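Just below is one structure, and these are the notes that go with it.
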Amino acid sequence: MSSGTETPPRIVALLVAAGSGSRAGGVVPKQYRKVAGKTLLAHAVERMRHPLIGEIRVVIGPGQRALFEEAAGALALPAPIEGGAERYVSVRNGLEAIAAEGGCEIVLIHDAARPFLPAHIIESVAAAADRSGGAVPVLPVVDTLARADAFLGETVSRDGLVRVQTPQAFRFSDILAAHRRWTGGAATDDAQIARAAGVAIETVPGDRALEKLTYEEDFVRAETGSARAMVSRTGLGFDVHAFAPGDGIWMGGIRIPHGKALKGHSDADVVLHAVTDALLGAIGEGDIGQHFPPSDPQWRGAASSRFVEHACGLVAARGGRIDHVDVTIICEAPKIGPWRDAMRASLAALLRVPLARTSIKATTTERLGFTGRGEGIAAQAVATVSLPEELS
């Protein structure tokens with residue numbers, strides 16, 4: 001935002017990305033989940049870069065700064081605004097921050113969970129807010145409506161009913177005053193708060209591209225819709241480490257008590273090394289030794305999670321998406337079963353994917369070879385990655 005003698009932007013977009021949970025599942029809030037290789041937040045920001053919009057401000061949830069910075073990447077956004085426990089509190093915090101930095105004439109308030117914003121919606125709600133004070137995009141209700149609990153009850157007339165979407169646009173001074181006066185508790189949207197303050201809300205035709213992503217099937221549908229632009233690629237990783245004196249080993253980001261350690265320049269996490277090589281292979285980026293040479297002292301004793309995060313960053317930089325990673329651990333001891341779930345959860349968290357997109361298996365070589373003789377542990381990993389077609 002501008003300050004001092006600078007002219008404030010006429011239109012500011014306030015992107016609400018402060019949710020802390022997800023009915024869609026996953027290990028991160030849904031605004032940080034990826035579709036077609038980008039987070040919902042990144043998609044939403046890119047769609048809001050429109051000639052009418054002078055600045056984009058993002059409201060995030062408490063404790064989400066690191067997630068925001070990773071998702072924002074090279075989007076060149078101002079510092080985020082911290083929201084609250086309820087959506088209306090998050091929006092009010094955003095409005096107050098805009099006011100403190102000079103304000104604007106029109107504000108567009110949009111949910112990051114509706115990332116695929118068409119340009120014509122920006123234009124129509126901004127023009128309608130100029131005319132009427134407030135504007136919302138709406139879609140007609142086409143399904144039969146009925147009351148129901150355990151059994152279907154009477155139908156309800158759908159005449160005059162619409163489905164309300166975002167972005168919702170308002171004259172800034174009106175919506176700021178409405179939020180400051182609001183005492184009605186949790187509000188489903190900002191139009192409700194504006195109407196309570198007497199602001200006229202004009203409706204404009206909405207767009208099915210603005211359907212909210214809420215449940216897992218919504219994300220599947222969004223991925224399917226963009227699948228034609230993505231190409232699947234597979235990488236294979238294999239790693240071996242010999243045993244050395246010690247009292248524990250690192251595998252999959254989990255330290256497992258054991259009568260020996262694994263010998264290596266870093267923490268010798270054989271699982272994460274194999275995963276790193278699989279990801280690098282899928283995008284044609286060489287191998288772990290090229291990116292983290294054993295001769296470089298800075299990697300002595302380093303956590304192998306850093307290697308995986310680096311590989312994930314390279315995938316993301318290409319607009320890619322990690323679809324699945326499957327790991328097979330080959331050893332006689334320790335027994336992997338008691339640690340499998342913890343390793344799988346650790347791997348999913350590192351990859352920032354749902355647990356279902358990871359797999360950890362174990363086998364032995366029937367006491368044949370170096371693993372059979374208990375001289376070390378091997379692991380192989382297969383990573384499936386989707387890349388934009390033009391980069392594949």
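The values are calculated or read from the model by the stated rules, or taken from the named source; none is laboratory data. Values in this document were obtained by computation on a predicted structure and should not be read as measured data. Here Cβ is always computed from backbone atoms with ideal geometry, including for glycine, and neighbour counts include all displayed protein chains.
Could you tell me whether ARG318 is charged (D, E, K, R), at pLDDT below 90 and surrounded by 15 or more Cβ atoms within 10 Å (Cβ to Cβ)? Spelling it out, ARG318 is indeed charged (D, E, K, R), at pLDDT below 90 and surrounded by 15 or more Cβ atoms within 10 Å (Cβ to Cβ). Just to be sure, is ILE175 among the hydrophobic types (A, V, I, L, M, F, W, C), assigned by TED's automatic domain parsing to the domain that holds ALA71, more than 25 Å from the chain's Cα centre (by Cα) and in a helix (DSSP H, G or I)? So ILE175 passes the test. Exactly one residue among GLY160, GLY184 is on the phi > 0 side of the Ramachandran plot, without any contact (Cβ under 8 Å) to a residue 24 or more places away in the chain and not hydroxyl-bearing (Ser, Thr, Tyr), and that residue is GLY160. Checked against (1) over 26 Å from GLY37 (Cβ atoms); (2) of a type in the set (Ser, Thr, Tyr); (3) exposed (fewer than 13 other Cβ atoms within 10 Å of the Cβ), SER266 passes all but a single condition, namely (3). Looking across region 165-209, the residues that are within 15 Å of ILE106 (Cβ to Cβ) and aliphatic (A, V, I, L, M) come down to ALA169, ILE175, LEU176, ALA177, ALA178, ALA191, ALA194, VAL199, ALA200, ILE201, VAL204.
Report yes if some residue within region 279-291 is aliphatic (A, V, I, L, M) and over 29 Å from LEU41 (Cα atoms); otherwise report no. Yes: region 279-291 contains one or more residues that are aliphatic (A, V, I, L, M) and over 29 Å from LEU41 (Cα atoms). Looking only at region 329-338, decide whether some residue is in the same structural domain as TRP250 (by TED's automatic domain parsing), closer than 18 Å to THR234 by Cβ and surrounded by 18 or more Cβ atoms within 10 Å (Cβ to Cβ). No, because not a single residue in region 329-338 is in the same structural domain as TRP250 (by TED's automatic domain parsing), closer than 18 Å to THR234 by Cβ and surrounded by 18 or more Cβ atoms within 10 Å (Cβ to Cβ).
Counting only strands (runs of 3 or more DSSP E) that sit completely within region 46-151, those holding 2 or more residues that are modelled with pLDDT under 95 and small (Gly, Ala, Ser) correspond to 145-148.
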